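Worksheet for the structure shown next.
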Amino acid sequence: MDQFADLQTLLKKKRAELDERVHRIKDDARHISDPLEQDSKERAVQQENDEVQDALEKEAQIELQAIDRALARMTSGRYGLCRDCGNPIAIERLRALPYTDRCIDCAR
Ligand SMILES: [Zn+2]
């Protein structure tokens with residue numbers, strides 16, 4: 001019996017969502033469905049939009065990496081242990097933040 005099985009399912013689902021989001025952002029940035037406008041004002045708006053998309057993509061990538069690390073910790077059996085003090089992380093905390101690698105005391 002794996003006590004983290006449901007959290008693993010949750011993380012994998014979240015990972016798939018983020019992965020899809022990143023791909024969508026990348027497609028948007030390439031202007032596949034919406035080519036760059038000839039008009040310079042319109043283009044400025046698009047480029048501004050690209051910057052926002054860029055920031056969103058970075059955010060999603062950071063979250064993806066955190067999820068990957070959590071899934072790797074599950075595989076190696078270190079999941080649920082605090083990175084700093086080595087104590088088990090409270091299950092309530094893991095449920096709220098499944099990819100955390102610090103207990104509440106060390107995160108403070
Ligand atoms: Zn700790």
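What follows draws every value from the coordinates through simple rules; no lab data is involved. Everything quoted here is computed from the prediction, not taken from an experiment. For neighbour counting, all protein chains shown are included, and Cβ atoms are generated from backbone atoms with ideal geometry for every residue, glycine included.
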Here the gain from full extension of residue 92 to residue 54, 0.36 nm per residue of separation minus their alpha-carbon distance, amounts to 10.4 nm
Computed from the beta carbon distance with a Förster radius of 25 Å, FRET efficiency for residue 5 and residue 104 to the nearest 0.05 stands at 0.65
Once the in-chain neighbours fewer than 8 apart are removed, the lysines whose Cα is under 30 Å from residue 41 read 26, 58
Per the Cα gyration tensor, the chain corresponds to an equivalent ellipsoid with semi-axes, largest first in Å, of 38, 15, 9
